[in-house]
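To keep things clear, I will list the structure first and then write my remarks on it.
The values are calculated or read from the model by the stated rules, or taken from the named source; none is laboratory data. Predicted model, so just to flag it, every value in this text is computed and none were measured. All Cβ positions, even for glycine, are placed from backbone atoms using ideal geometry, and neighbour counts span all protein chains on display.
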Amino acid sequence: MSAPAFLSKICARDEAAARVASLPQPVVFTNGVFDVLHRGHVSYLAQARALGGSLVVALNTDASARRLGKGADRPLNREADRACVIAALESVSLVTWFDEDTPLELITQLKPAVLVKGGDYDMSKLAETRAVESWGGRALAIPFVDGYSTTALVRKIREG
Ligand SMILES: Nc1ncnc2c1ncn2[C@@H]1O[C@H](COP(=O)(O)OP(=O)(O)OP(=O)(O)O)[C@@H](O)[C@H]1O
Ligand SMILES: O=P(O)(O)O[C@@H]1O[C@H]([C@H](O)CO)[C@@H](O)[C@H](O)[C@@H]1O
């Protein structure tokens with residue numbers, strides 16, 4: 001039996017620039033932990049993809065995710081497992097990782113035309129927005145889907 005096709009969407013960070021160059025343009029970029037996937041995530045990724053020719057998702061490595069303070073046992077899913085789940089989505093063209101606290105350095109390397117986050121972010125406050133705008137790109141937040149968050153889901157599972 002052959003390996004699932006979605007595995008080819010996952011690449012190491014040092015291969016990301018070359019892979020991005022061969023994707024249909026314009027490239028939309030987003031990032032995050034995506035620990036336990038929910039409806040808010042998949043709606044937001046589908047809307048992000050519709051803004052361009054391809055969607056690149058950069059995941060926080062496990063070490064980077066732990067530093068975000070989402071909880072002592074977070075992320076629940078390891079980086080390789082989170083990458084598989086994200087790569088299996090139709091909306092996603094390429095998945096890679098970043099190990100820093102923010103994706104600024106990776107964004108500066110990849111120079112996407114569009115940067116998106118969910119509506120829980122104020123894009124005007126992000127250094128990444130200023131980077132993308134410096135090469136003529138744009139940064140925007142996609143409307144938040146109320147009632148969906150991984151942290152709330154984990155609490156519900158634990159507390160019943
Ligand atoms: N309900 C939602 N609607 C739209 N976008 C969302 C929603 N939840 C998260 N996002 C977006 O998905 C990306 C990844 O978010 P993240 O992994 O932090 O999800 P989360 O559910 O908020 O997780 P956590 O509760 O662990 O912080 C971010 O860009 C975030 O803005
Ligand atoms: O999954 P999250 O918590 O939305 O992802 C974080 O997003 C931050 C955002 O891009 C502001 O800079 C980022 O800095 C952080 O490393 C997580 O990816």
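Can you confirm whether Ala113 is under 18 Å from Thr30 (Cβ atoms), hydrophobic (A, V, I, L, M, F, W, C) and within 12 Å of ligand 2 (Cβ to nearest atom)? Outline the logic, then answer.
On the way: under 18 Å from Thr30 (Cβ atoms): yes; hydrophobic (A, V, I, L, M, F, W, C): yes; within 12 Å of ligand 2 (Cβ to nearest atom): no.
The answer is no for Ala113.
Being free of Cβ contacts under 8 Å to residues at least 24 places away in the same chain and either part of a loop (DSSP other than H, G, I, E, B) or out of contact with any Cys (no Cβ under 7 Å at 6 or more places or on another chain) (or both): is that true of Tyr121 here?
Working: free of Cβ contacts under 8 Å to residues at least 24 places away in the same chain: yes; either part of a loop (DSSP other than H, G, I, E, B) or out of contact with any Cys (no Cβ under 7 Å at 6 or more places or on another chain) (or both): yes.
In short, yes.
Being in a helix (DSSP H, G or I) and out of contact with any Lys or Arg (no Cβ under 8 Å at 6 or more places or on another chain) is the filter; apply it to the range 81-104 and report the residue that is surrounded by the most Cβ atoms within 10 Å (Cβ to Cβ).
Once the filter is applied, the top-ranked residue is Arg82.
For the structure I just gave you, tell me whether Asp73 is of a type in the set (Asp, Glu) and within 13 Å of ligand 2 (Cβ to nearest atom).
no
Taking Ala131 as the residue in question, decide whether it is touching a Lys or Arg at 6+ places or on another chain (Cβ under 9 Å), farther than 19 Å from Arg49 by Cβ and crowded, with 16+ Cβ neighbours inside 10 Å. Can you show your working first?
Details: touching a Lys or Arg at 6+ places or on another chain (Cβ under 9 Å): yes; farther than 19 Å from Arg49 by Cβ: yes; crowded, with 16+ Cβ neighbours inside 10 Å: yes.
Yes, satisfied.
If we keep just the residues of the range 75-85 that are touching a helix residue (DSSP H, G or I) at 6+ places or on another chain (Cβ under 8 Å) and touching a residue at least 40 places away in the same chain (Cβ under 8 Å), which is farthest from ligand 1 (Cβ to nearest atom)?
Top of the filtered list is Cys84.
Quick check on Lys70: is it at pLDDT below 95 and more than 14 Å from the chain's Cα centre (by Cα)?
Yes: the conditions hold for Lys70.
State the number of residues belonging to the range 144-155 that are assigned to a loop (DSSP other than H, G, I, E, B) and either within 15 Å of ligand 2 (Cβ to nearest atom) or surrounded by 16 or more Cβ atoms within 10 Å (Cβ to Cβ) (or both).
Residues in the range 144-155 being assigned to a loop (DSSP other than H, G, I, E, B) and either within 15 Å of ligand 2 (Cβ to nearest atom) or surrounded by 16 or more Cβ atoms within 10 Å (Cβ to Cβ) (or both): 4 in total.
Could you identify the single residue in Val95, Val85, Val33 that is more than 15 Å from Thr150 (Cβ to Cβ), at pLDDT 95 or above and among the aliphatic types (A, V, I, L, M)?
Only one candidate qualifies: Val95.
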